[in-house]
Amino acid sequence: MITKPPAASGNPALSLHSISMSLGGNRVLDRINVDLAEGEVLGLLGPSGCGKTTLLRLISGLLLPDEGEIRIAGSTVAAPQTGIALPPERRGLGMVFQDYALWPHMSVAKNVAFPLEMQGVRAGTCKDRVVRALDRVGLGAMAERRPSDLSGGQQQRVAIARAIVAEPPLVLFDEPLSNLDRELRETMVDEIADLVAELRLSAVYVTHDHGEALTLANHVAVMREGGIEQLASPDELVNHPKTAAVADFLRLGCLLQATRGADGWTINGTDLSFPAETIAGSQAQVLLPEKALRLDASGPMTLRTQVVRSQARSTGHALILRLAGTDHVIRLLSPRRARTGDGVDLSFAPEDLRWFPVGEPVH
Amino acid sequence: MARGAVAPGAEGSAGLKWTATIGLLVIVAVPCLFIVIQAIFPDFGSGSLAAPFSMFFKTLADPDLFGLAGNTLLLGVGTVLCAAVLAVPIAALRALFRIPFALIWDALLLIPFMIPPYIAALGWIMTLQPRGYLEQITGFNMASLLFSVTGIMLIMGLNTFSVVYFVLSRTFETIGARYSDVGRVFGAGQWRSFWRITLPLAMPGLAASLLLVFAMSIEEYGTPAALGRRIGFEVLVTGIENRISEWPIDLPGSATLSLVLVSMALIAFMLQRWLLTRRDYRIVGGKPQAHDKRNLGVWTVPATLLFALVAFLATGLPILAILATALSRTISGGLALSNLGLDNFRQLLGTGSDGLAALGNSLMLGTTTALLASLLGAITAYSVVKGRGRFRIVLDALSITPNSLPGVVVAVGIILAWNQPWLPVTPYNTPFILLLAYICILLPQPVRYATASLHQLGDNLEAAGRVSGAGPLKAFVRIVLPLILPSMVTAMILVFAVASRELVASLLVAPVGFTTIAVFIWQQFDQGSAGLGMAMAFCAVLITTLIPLLLISLLRWFSRGSVAGLN
Ligand SMILES: Nc1ncnc2c1ncn2[C@@H]1O[C@H](COP(=O)(O)OP(=O)(O)OP(=O)(O)O)[C@@H](O)[C@H]1O
Ligand SMILES: [Mg+2]
């Protein structure tokens, strides 16, 4: 166990103020604002190329922002306006890389000891702390091995030990699990979650897997094209996605088109209709959340669908259904098997739908 | 992640950047600058900037210059032709057919890389000259061929063709497997598909390796000096050497000739680089695949004999001639059992002998050059890879400049720069001046190795070090340097092998009374003690090849599994 409790300074572990960054003429990040309280985890979630790695490199000091201000544990580490630009080695961070980035010419113990050595920690203390950090990730027995002699999961655990050994005020994770296979990923997510909770780590966790982000993070920022689309708690995100893009990215359910007619809104291709005052505008997108759907015809509103495919899963049968009269596909888990071509009725409550205006300029 | 994005916040160490810049300025830029200044201002040596360009144009208009440049071109083109004639057929045979003992021929054809050309040339002289070994065995000599322009081309072709052979047989093999089989499926016969598909696709590789041969031959001093002087065939290199070492010394002339020679080498180098970076060449790179080679049938024996003949001419004959001369008590005694003895070796390696001193000097200089050139090379390559903007361009340009600087030109530049009377202190007339020359000549090798190795290194390895609290210098020393070390050792061994037997710069800038291996061999041969010279040549080949090979195998043994860093 790493002993020192995080200093209760009351400063946010990280605050980004209006960060912008251009690379090779492209605006890769656009006015990013984030505040992260001590002991909390921020998940950065978004599709490939949306700027997650860039944002993390800005926080670590491997890149400098064009504009804005970055504060870590209360002290400003980068602010181009005032000429502050602390190099990475003076930010005191821990970082876990997607490709592990373990140094192949050093043993596991040497890898983990490196940050302590750079801080000038005495050899005896250093050794103890390395042993404790390796024990934490369950690799106490492998201290003298070469990183190349470890499996991918073990290598990533070493990288995690290296990132936490010096008890940094902020740990950065850049898609740490994306090089691992699925089973291992699921165990490791739990391990990291335990570690983060026990050590009360403040962390930024980059991933494009929404499962990981929702499991690990206290706050999730969904990024899109260099901006933050929504920053909220996992619950809030799932229940109240701010835009259709967020709902789509999180795969919350089926997105349908709706048109306003003379007597209110109709979902295109169906006879489902809603009161005119639901939302302004003439076109809208509607999210039909997967978790709001029931496999019966009890109402209050019902949908007719047809089974496209049914796949056996360990937890039941994954049904792929097509909404009658449209091309929209609904995925749903059912305890029973269904035959292709069967009709299935789904029920939901109208208040569970999420409405998003269409034609609104992208911010 | 390894986008190679250069992060403003995590630049490489400024200290390293300045070390690389200052090192390159002193070692590369200063000699070049002085050549240019001297060519323009003939009286620069006496502190005067009078009459700029007067000698420059005079030398350029000198019919001598046309003669020298013409001869240099002639020699370069002739050598390229000889090398191509020697290399292309056997490379094609090797790549497309099953040749008996193929690996043995390959190993034998590597040996010319280990014998410095001037030593091979001396071996040929011992064999073909009047009353040479050929005449002793067969009764006739080939002196008229040996001491002719064609002879020089042939011998230089034999020294250089293995470069072409190895590049080409590999390229043929790759293309043969990948494309020409396809051609044959569509109905082209074996020969048709070679002429129509394999050869055209191999053209860029062939041209690039022939340009390398061209550059090597116009920069070569030993062979044209040993053979050409007897028939009055002078090239730019020997012309420059004459002007700077023989009375009356003509500094502006040698500077101008140097510029002409550098321009030729530069054009060859640029063309070669352009060919190698073109995209259509890259598609034929990569590993030769397992490929069904055809049987030669009745042609098996003639083809094997051809390989044996080429290998004998390129490797066996020069080495045997060297050994025979070294083991002869007297040259006049000829090839007779009674004339055999180790006298030359005894005299060479006797305590306190000049030979031993020369060996010691060369090994010392070779080792120091290897260490310093590799360190500077690694720092330079790192600064270029990490650098941005103008800095990067300047460093990059400086580090590849020596590619087109022949040894003789480096020597001229160093003499011009460091022998200025107004210098308060100078390394001139000390062994350090040789060190400066060798590092300048050999710097491109470690830079090339380090750059390749750095590109293989993931960006994140260094980034992880920086985030873990290591400053830029510490990250370089603790992380980058150990990871590129294996390939730097290879570069060091290469530098050592070449530096410890470098000839022309050593002849020109070695301090009075300081001999190196090459200078010793050259002097002994000039003074008629060929036996002693050849004994030294034999020791030199053995030491500069054996020590490196030993080092490489030791290194492999020590690092079993532990240098897994470069995968
Ligand atoms: N050095 C660079 N020069 C120009 N553009 C760059 C550079 N580095 C990144 N980009 C661009 O910036 C954008 C964001 O890149 P970034 O690596 O931050 O994406 P990401 O969200 O981490 O993606 P992934 O999930 O694939 O890792 C991309 O469009 C990328 O092409
Ligand atoms: Mg990324």
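In the stretch B:341-354, the residues that are over 13 Å from B:G533 (Cα atoms) reach residues that are charged (D, E, K, R) and not in a helix (DSSP H, G or I) with C-beta atoms within less than 8 angstrom, at least six apart or across chains, in these pairs: B:G341/B:R329. May I ask you to verify whether B:L435 is more than 14 Å from every other protein chain (Cβ to nearest Cβ), free of Cβ contacts under 8 Å to residues at least 60 places away in the same chain, surrounded by fewer than 24 Cβ atoms within 10 Å (Cβ to Cβ) and not β-branched (V, I, T)? Here the answer is no, as B:L435 does not meet what is asked.
Applying the set (1) within 18 Å of the chain's Cα centre (by Cα); (2) buried (at least 23 other Cβ atoms within 10 Å of the Cβ); (3) polar (S, T, N, Q) to A:N111 leaves exactly one unmet item: (1). Taking the condition in contact with a Gly (Cβ under 7 Å, 6 or more places away or on another chain) and at positive phi, does A:G316 pass? Taking the combined requirement at face value, the residue does not satisfy it.
Yes or no: A:G68 near ligand 1 (Cβ under 9 Å from one of its atoms) and of a type outside the set (D, E)? So A:G68 fails the test. Within the stretch B:361-375, the residues that satisfy the criterion of being among the hydrophobic types (A, V, I, L, M, F, W, C) and open to solvent by 20 Å² or more (accessible area, probe 1.4 Å) are B:L363, B:M364, B:L371, B:L372, B:L375. Restricting attention to the stretch B:420-429, report how many residues are more than 21 Å from B:T401 (Cβ to Cβ) and surrounded by 14 or more Cβ atoms within 10 Å (Cβ to Cβ). Result for the stretch B:420-429: 4. Of the strands (runs of 3 or more DSSP E) lying entirely inside the stretch A:270-351, those containing at least 3 residues that are within 20 Å of A:L256 (Cβ to Cβ), at pLDDT 80 or above and open to solvent by less than 20 Å² (accessible area, probe 1.4 Å) span A:283-289, A:301-313, A:316-323, A:343-348.
Taken over the stretch A:31-64, residues that are open to solvent by 10 Å² or more (accessible area, probe 1.4 Å) and away from ligand 2 (no atom under 16 Å from the Cβ) amount to 8. Against the condition farther than 20 Å from B:I218 by Cα and surrounded by 22 or more Cβ atoms within 10 Å (Cβ to Cβ), how does B:L168 come out, does it pass? In short, yes. Filtering A:I32, A:I59 for residues that are within 16 Å of ligand 1 (Cβ to nearest atom) and in a strand (DSSP E or B) leaves a single hit, A:I32. Residues in the stretch A:72-85 that are more than 8 Å from chain B (Cβ to nearest Cβ) and on the phi < 0 side of the Ramachandran plot: A:I72, A:S75, A:T76, A:V77, A:A79, A:P80, A:Q81, A:T82, A:I84.
Taken over the stretch B:517-545, the criterion of being farther than 23 Å from B:Y438 by Cα and small (G, A, S) is satisfied by B:G528, B:S529, B:A530, B:G531, B:A535. Of the listed requirements (1) in contact with a helix residue (DSSP H, G or I) (Cβ under 6 Å, 6 or more places away or on another chain); (2) in a helix (DSSP H, G or I); (3) modelled with pLDDT of 90 or more; (4) closer than 30 Å to A:F97 by Cα, B:S487 misses just one: (3). The residue that is farthest from the chain's Cα centre (by Cα), among those in the stretch A:199-216 that are within 14 Å of ligand 2 (Cβ to nearest atom) and assigned to a strand (DSSP E or B), is A:V204. Within the set A:E175, A:E191, the sole residue that is open to solvent by less than 30 Å² (accessible area, probe 1.4 Å) and not hydrophobic (A, V, I, L, M, F, W, C) turns out to be A:E175. Could you tell me whether the stretch B:481-488 includes any residue that is open to solvent by 10 Å² or more (accessible area, probe 1.4 Å), within 14 Å of chain A (Cβ to nearest Cβ) and over 30 Å from A:L172 (Cβ atoms)? So far as the stretch B:481-488 goes, yes, one or more of its residues are open to solvent by 10 Å² or more (accessible area, probe 1.4 Å), within 14 Å of chain A (Cβ to nearest Cβ) and over 30 Å from A:L172 (Cβ atoms). Cβ separations smaller than 7 Å between residues 6+ apart or across chains give the following pairs from the stretch B:453-470 residues that are within 7 Å of another protein chain (Cβ to nearest Cβ) to residues that are in a helix (DSSP H, G or I) and aromatic (F, W, Y): B:S468/A:F114. Go through the stretch B:223-250 residue by residue and tally those that are in contact with an Asp or Glu (Cβ under 7 Å, 6 or more places away or on another chain) and of a type outside the set (A, V, I, L, M). Matching residues across the stretch B:223-250 total 2.
Figure legend. Inter-residue proximity from the stretch A:50-61: first residues in contact (Cβ under 8 Å) with a residue 24 or more places away in the chain and under 11 Å from A:V204 (Cβ atoms), second residues within 7 Å of ligand 1 (Cβ to nearest atom) and open to solvent by 10 Å² or more (accessible area, probe 1.4 Å), beta-carbon distance below 9 Å, spacing 6+ or different chains. Indicated pairs: A:K52/A:E175; A:K52/A:H208; A:L55/A:V28. Only one of the listed residues (B:V519, B:V489, B:V504, B:V512) is touching a Phe, Trp or Tyr at 6+ places or on another chain (Cβ under 8 Å) and in contact (Cβ under 8 Å) with a residue 60 or more places away in the chain. That residue is B:V504. Scanning the stretch A:160-196 for residues that are within 11 Å of chain B (Cβ to nearest Cβ) and assigned to a helix (DSSP H, G or I) turns up A:R162, A:A163. Considering A:E117, A:E69, A:E89, A:E144, the condition of being of a type outside the set (S, T, N, Q), at the interface with chain B (Cβ under 9 Å from one of its Cβ atoms) and open to solvent by 50 Å² or more (accessible area, probe 1.4 Å) is satisfied by A:E117 alone. Taking the listed residues A:A79, A:A13, the one that is more than 16 Å from ligand 2 (Cβ to nearest atom), aliphatic (A, V, I, L, M) and free of Cβ contacts under 8 Å to residues at least 12 places away in the same chain is A:A79, with no other qualifying.
The values are calculated or read from the model by the stated rules, or taken from the named source; none is laboratory data. This one's a predicted model, so the numbers in the text were calculated from it and none came from an experiment. Note: ideal-geometry Cβ built from the backbone for every residue, glycine included; neighbour counts use all protein chains shown. With ligands, DNA and RNA removed, areas are computed over all heavy atoms of the protein, side chains included. Shrake-Rupley method; radii C 1.70, N 1.55, O 1.52, S 1.80 Å.
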